[in-house]
Amino acid sequence: MQKMSPSKKREALSFYLLISPWLLVFFALGLLPLLWGLYLACTNYTGFNFNQLHWVGLSNFSTVFHDDDAISSLFRTIILSIVIVPLSTAIGFLLAVLLNNKIKGLPFFRTVFYLPSVFPVIAAGLMWQVMYGRQDGVINIILGYLGIHPINWMGYNLAQTSLVLMMLWGSGGALMIYLAGLKNVPQSLYESAAIDGAGSFQKFWKITIPLTTPVIFYNVIMGIIGSLQMFAQPMLLTPGASWNTVPLQPIYLYVVNAWIQIFTNNRYSYGLALLWVLFIVVFILSLIVFFTSRYWVYYESGEE
Amino acid sequence: MVNQKSRLNRVVLYIVVIVLAAIFAFPALWTFGNSLNDVYATVSLLPSSVHLSNYKLAVTLIPFMDYLWSSIIISGLTVVLTTVSSAVVAYGFARFRAPGKSFFFILIISTMMVPPLVTQIPTYIFFNKIGLTNTYLPWFFWGIGGNAFFIFLYRQFFLTLPKELDESARIDGCSSLGILWRILMPISIPIVVTVAVMSFQSSWGDYLTPYMFLDSTKWNLATALLGSSYTLPNNPTIILKPVIDAAAVLLTIPTIFAFFFGQKYLVEGIVTTGLKG
């Protein structure tokens, strides 16, 4: 190993001192709990029996794969993500494209589209309860004026649709980033494309979208990670929502199940195994998106 | 002819944008409208008369002020500590060379993939075991540790600042932290405000960690409002919906204020950093 000069050593020491707040907390409240959780997932921990813990190996994990609640909620959650993430990406992007047309009142519209995405999840859920109520919900009142009978938005058949609509309300979350990305596309590209006879659709498809794919990529990854962890939204779409609510089966999602196993059924070790499986699923899905990104994400040459 | 066509296009564009804006604004506006309605009124699209009484009930039927206080402590701790600490860590990554640096940077970025509950539940079990639950200590520690995404944002921004700034300050005898505090932070205001606003909004709306780490009397507002009992005091089966709406509005207002406070910088902060992912 090369010997470091004193000034290089000092620089390295400064680096580690500066990142030490993150590093220490990462070890103490990140890595250690992560591994300890994995250990507890391999025991019979129920929340009370610290003195009689025994090692049960991977049996909690094999239970996960034989537990219909876990597996069906996992697939349900993944399918909902596959619906929500592309739709909300597309809506967010189209909103940005619309607003990028030198529109008057841009700050106003930007605010209207963006704000719902930063509302506290609980508040947003309470607002959608107002929308979806069966007898006194706004949507049904409006439908009533049109002579349509009340629809049970939070019932078995429509709960998933209602959940998707509610999630799409937050589509404006990436609006600012998309707007910035669109502004960053050099005007000269459009001009030379126009000279070559490209129509506006072609310009959009061949220039606008490719140049904003890095931003889209980031939002797709974050969208997947976020939507696989939906928790409060399905709870709030259950009439009389509270901390003890069990959502209807169509919106009985993976993290909801893990939460109920831990805090309602005291199956701590099993719940931790469930969460570790989620971690692995998130990791694999992110890797897939990441490795496919070289085929669809455009990077300027010279930039990593 | 061309002019006419483009004028028509603009009219259609405005109609589409206005209709979409109306749809996006509708749930919040209607909740606000309903919160002003008479508590016993049948639901209608416009309140029959304006009442502030629902807001009074919203803050008196449950220990609202206690919850609010808890929200303020949690968000206050988180915003101040995270905003400062993330900048310090990012400064290390942006300006210093050291063996292992790229490893730790990749490590920070990959922590964004870990579902928070995977670490929070064992942390909760541990804190519970040593009797440290029902304090605000966890938020203190999490705040000190900074936030992976914010560290990334700061780093990207610091990398765009010329190194000569640091060097001339160092010649004048400024320490590393002094350079960060006196030179880099003041010119990084857009990103500082962006980070502060984002960490406020996420901590204000957080409900999972307060549920785990605090007793129900110490819950923050968001946690308490999931399943709060806004019912008639003498008849718990009657749910006072306009009062719940008022509470939802009250929970939302600080996040709207934070947005307007930071709006100018939010756009600028995102423009300069958000694109180089």
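Values quoted throughout were computed directly from the atomic coordinates according to the rules given, and no laboratory measurement underlies them. In this text the structure is predicted, and so the values were computed from the model without any measurement. Glycine also receives a Cβ, built like all others from the backbone with ideal geometry; neighbour counts cover every protein chain displayed.
List of remarks:
- Residues whose amide H comes within less than 5 Å of that of B:I239, counting only those at least five positions distant or on another chain, are absent (H built at 1.01 Å from N in the peptide plane).
- Kyte-Doolittle mean at least -1.0 and Cα axial length at least 15 Å: DSSP H helices in chain A: A:6-26, A:68-99, A:121-132, A:209-227, A:268-296
- log₁₀ of I(q)/I(0) at q = 0.13, 0.15, 0.16, 0.23 Å⁻¹ - the range A:220-304, Debye sum with one point per alpha carbon: -0.55, -0.66, -0.72, -1.11
- The mean sequence separation of alpha-carbon pairs under 8 Å and at least six residues apart, normalised by the residue count of chain A, gives a relative contact order of 26 percent.
- Proximal charge balance of B:I15 [Cβ under 15 Å; K/R count +1, D/E count -1]: +3
- Sorted from greatest to least, the principal axis extents spanned by the alpha carbons of the protein assembly as shown come out as 85, 78, 47 Å.
- Here chain A is scanned for trypsin sites (Lys or Arg not before Pro) in DSSP loops (not H, G, I, E, B) that have at most 15 other Cβ atoms within 10 Å, and the longest stretch holding none of them is A:135-304.
- 10 Å Cβ neighbours from other chains, averaged over peptide B:105-116: 5
- Of the trypsin sites (Lys or Arg not before Pro) in the range B:65-146, those whose Cβ has at most 13 other Cβ within 10 Å and which sit in DSSP loop: B:R97
- Over the range A:150-278, the ratio between the Cα radius of gyration and 2.2 N^0.38 Å evaluates to 1.53.
- Within the listed set A:Y190, A:Y45, A:Y145, the Gaussian network model of chain A (springs between alpha-carbon atoms below 10 Å) gives the highest mean-square fluctuation for A:Y145.
- Note on B:R10 and A:Y39: their simple-model spin labels are 6.9 nm apart, each label 7 Å out from Cα toward Cβ.
- Partners of B:K101 within straight-line reach, counting lysines whose Cα lies under 23 Å from its Cα and excluding those fewer than 8 residues away in the same chain: A:K3, A:K8, A:K9, B:K163, B:K276.
- Which of B:Y207, B:Y67 has the fewest Cβ neighbours within 10 Å, and the rest in rising order: B:Y207, B:Y67
- Sorted ascending by nearby beta carbons within 10 Å, beginning with the fewest, B:L250, B:L132, A:L236, A:L29 become B:L132, B:L250, A:L29, A:L236.
- Ordering B:V88, B:V11, A:V297 by the number of other Cβ atoms within 10 Å of each residue's own Cβ, fewest first, gives B:V11, A:V297, B:V88.
- Along each principal axis, taking the top coordinate minus the bottom one, the Cα set of chain B gives 77, 71, 33 Å in descending order.
- Translational diffusion of the range B:41-180, estimated by Stokes-Einstein from the Kirkwood radius over alpha carbon pairs at 10 °C in a medium of 1.306 mPa s, is 83 µm² per second.
- Taking N as its residue count, the alpha carbon Rg of chain A over 2.2 N^0.38 Å: 1.26
- Amide H contacts for A:Y45 (H built 1.01 Å from N in the peptide plane; partners 5 or more residues away or on another chain; cut-off under 5 Å): A:S269.
- Among the listed pairs A:K102/B:K5; A:K102/B:K264; A:K104/A:K206; B:K218/B:K241, those beyond 21 Å (Cα-Cα): A:K104/A:K206; B:K218/B:K241
- Remark: the range B:131-277 is approximated by an ellipsoid whose semi-axes, taken from the C-alpha gyration tensor as √(5λ), come to 41, 19, 11 Å, largest first.
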